[in-house]
Amino acid sequence: MSDLPRCDVCPVWFCFRHVNMATPVPLLAVCESDRTSLLCGPPTFREHPTFPRDGGGSRNLTFSRDGSLLAWCNGHGVSVVRTSDGSSVATLALPKTTLLRFSPLADILVTWQPYTKSAEAAQGDANLRLWELPGAGLRKALFQKKAEAWCPSWSQDEKVAVRIVSNELHFFEDNDFNVIANKLHVQKISNFELSPGSHPFKVCVYVPGNKGLPSFVRVFQYPQFGGPGAALATKSFFKADRVNMLWNKKASAVLVTASTEVDKSGASYYGEQTLHYLHVGGETALVQLPKNGPIYDVAWSPNSSEFCVVYGFMPAKATVFNLKCDPVFDFGTGPRNAVYYSPQGHILVLAGFGNLRGQMEVWDAKKYKQVSKCQAPDATHFSWCPDGEHVVTATCAPRLRVGNGFKVCHYTGAVAHEHQTPAGSELWEVRWQSFPDGTFPERPVRRQTPAARTDAPAQAYRPPALRHLPAAPTSKLHEEEAPQNARQSDKALSKAALKNQKKREARKAAKQESKPEAQLPSDPAPITDSQSTETCGDLETDRKIKNVKKKLKAIEELKEQQASGKVLQKNQLEKMQKEDQLLEELRKLHLQP
């Protein structure tokens, strides 16, 4: 027990009631099919000493926003306990409950169970219930047939709550759900997202297109809903079967990913996606993504001034954009489909889960330098620890029912704790305890040198009859692009501007070729525009000299582009490797009689 911090108040080791709150220990809740447990976070990973052991598996669990309360449902009822000492706050006899959530200040616990009808109640029973805490008194019972958007959304101070009812938004104030304070009806609203933070509250709504009309999203400020100019920002677009709206932490801008179920061009199995940007000041934009293909993931940085997008056919690109939707840094291409910022925003993880092999690239989000690279095969879940130092990856059912377990690692790749779910049991969920912003300070990013490999790298299979022969040269299916700083490269141009730029470069190159070329010295130097050529008197030799000089000049231009930071293609690099051969050829041509 000596590795645990000693309490300054009680004569015991690691007292949860009087733990030093300057450096709290995050808890990790683990739901398995045969039990629900609560573990102390790094560095100990011991079981919470006062958490009531639940012999049944939890269907769903949730922490309050400040992490002081934990609630879970296990098919028999709903339990709410304090995370500090494990004491009970409420117990509800709700065996059919499947979804739980706390209000931001943990004054209300919301429970949802599937909507059903009975002979006694033809309209069905109210399946969405709001319970007061502490005490578990029923404040309001409502009808919510669909699990999608089932829970009301609150402002951070709980002054305003909103839920969607019959294609319109109902707003409630001060948790009084008996009186609708305001309504927002814009044609047929199908989805919404309330901004984070407190007053002034904003809401982004989505209205799908109909009969040739485009879909659109609008941003309103509560309660200013009336009048033709009430919307703070509006963006319309076609090709949208559904949207995902994502506010930044400061509630100054929202990103909207519009998706279609089917790509009519047949280019993508995933349908078609576009990314739109709306600012509360009225500015809107279509985020220009340099590579075609699906948009896998979008994430705001906690600083609210930039966002990262993972997109394009595999190997996918990842790019950071600023609030002007200009690229800031390009991470190149790789096997990835997800992006995760640390809670402090100083570290960024690019990962490839699902049908990919679980590669994770860890980057310093401020200096844009790679910190480490590790693997989490078969991972179905990833989340950052609130300390911004550790991550948890897990293989959970029902996505995968074999090899269930979880692993907690430092972002440098060092494994801090690993758990394998016993045979006959399944892992359903792992969840970190929540903490208020600023609880864990940002620490300097450090890079750990990976240990040297002792095992030989995997080789491609070769039949026994061919193993005595030399191996054939291998080639990659996809040539991956290297990372590059977009601030140092040219800004993204429109198609028309890019076309005009190519025309200007072509005219400039034609003028340079028409200029007389200088005589080469005995040891040919790189060709420049100011050099002219001396004819040898033989038309065929002069033509060959001109062609060689033209190739050398192209190589010099490629060198300049490489020096400026541009990533060259494979064929361009191969062209540069022929410089010595061309110089030797040019020397021999000048020595011909």
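Considering each of Glu132, Glu148 in turn, give the residue that is in contact with an Asp or Glu (Cβ under 8 Å, 6 or more places away or on another chain) and closer than 24 Å to Val165 by Cα.
Glu132
Select from the range 357-384 the residues that are assigned to a loop (DSSP other than H, G, I, E, B) and of a type in the set (Val, Ile, Thr) and list them in ascending order.
Thr380
So, in the range 390-431, how many residues would count as being among the aliphatic types (A, V, I, L, M) and not in a loop (DSSP other than H, G, I, E, B)?
Selection size over the range 390-431: 8.
In this structure, does Leu255 turn out to be in contact with a Leu (Cβ under 8 Å, 6 or more places away or on another chain) and either loosely packed, with under 15 Cβ neighbours inside 10 Å or among the small types (Gly, Ala, Ser) (or both)?
no
Is at least one residue of the range 192-215 more than 30 Å from Ala240 (Cα to Cα), surrounded by 17 or more Cβ atoms within 10 Å (Cβ to Cβ) and not hydrophobic (A, V, I, L, M, F, W, C)?
No, the range 192-215 has no match at all.
Could you check the range 309-331 and list, in sequence order, the residues that are of a type in the set (A, V, I, L, M) and either touching a Pro at 6+ places or on another chain (Cβ under 8 Å) or closer than 14 Å to His276 by Cα (or both)?
Across the range 309-331, the qualifying residues are Val309, Met314, Ala316, Val320, Leu323.
Of these, Leu558, Leu589, Leu539, Leu520, which one is among the hydrophobic types (A, V, I, L, M, F, W, C), in contact with a Cys (Cβ under 8 Å, 6 or more places away or on another chain) and either modelled with pLDDT under 80 or closer than 30 Å to Pro483 by Cα (or both)?
When all the criteria are applied, what remains is Leu589.
Quick one: would you say Asp387 is over 17 Å from the mean Cα position of the chain (by Cα), under 27 Å from Asn303 (Cα atoms) and either at pLDDT 95 or above or part of a loop (DSSP other than H, G, I, E, B) (or both)?
Yes; evaluated as a whole, the condition is true for this residue.
Would you confirm whether or not the range 313-328 contains a residue that is free of Cβ contacts under 8 Å to residues at least 40 places away in the same chain, over 30 Å from Thr234 (Cα atoms) and not aliphatic (A, V, I, L, M)?
no
If you take the residues in the range 60-94 that are in a loop (DSSP other than H, G, I, E, B) and either touching a Cys at 6+ places or on another chain (Cβ under 7 Å) or of a type in the set (A, V, I, L, M) (or both), which one is surrounded by the most Cβ atoms within 10 Å (Cβ to Cβ)?
It comes out as Leu94.
Of all residues in the range 130-151, which are free of Cβ contacts under 8 Å to residues at least 24 places away in the same chain and not in a loop (DSSP other than H, G, I, E, B)?
Once the filter is applied, which keeps residues that are free of Cβ contacts under 8 Å to residues at least 24 places away in the same chain and not in a loop (DSSP other than H, G, I, E, B), the range 130-151 yields Gly137, Leu138, Ala141.
Would you check which residues across the range 342-356 are among the hydrophobic types (A, V, I, L, M, F, W, C) and surrounded by 20 or more Cβ atoms within 10 Å (Cβ to Cβ) and list them?
Once the filter is applied, which keeps residues that are among the hydrophobic types (A, V, I, L, M, F, W, C) and surrounded by 20 or more Cβ atoms within 10 Å (Cβ to Cβ), the range 342-356 yields Ile347, Leu348, Val349, Leu350, Ala351, Phe353.
Test Glu272 against the criterion of being closer than 25 Å to Glu193 by Cβ, more than 14 Å from the chain's Cα centre (by Cα) and surrounded by fewer than 17 Cβ atoms within 10 Å (Cβ to Cβ), and give yes or no.
No: the conditions fail for Glu272.
Do we have any residue at all in the range 112-122 that's modelled with pLDDT of 90 or more and touching a strand residue (DSSP E or B) at 6+ places or on another chain (Cβ under 7 Å)?
Among the residues of the range 112-122, at least one is modelled with pLDDT of 90 or more and touching a strand residue (DSSP E or B) at 6+ places or on another chain (Cβ under 7 Å), which makes the answer yes.
The values are calculated or read from the model by the stated rules, or taken from the named source; none is laboratory data. The structure presented is a predicted model; accordingly, all values stated were derived computationally and were not measured. Heads up, the Cβs are rebuilt from the backbone with ideal geometry, glycines too, and the neighbour counts pull from every protein chain shown.
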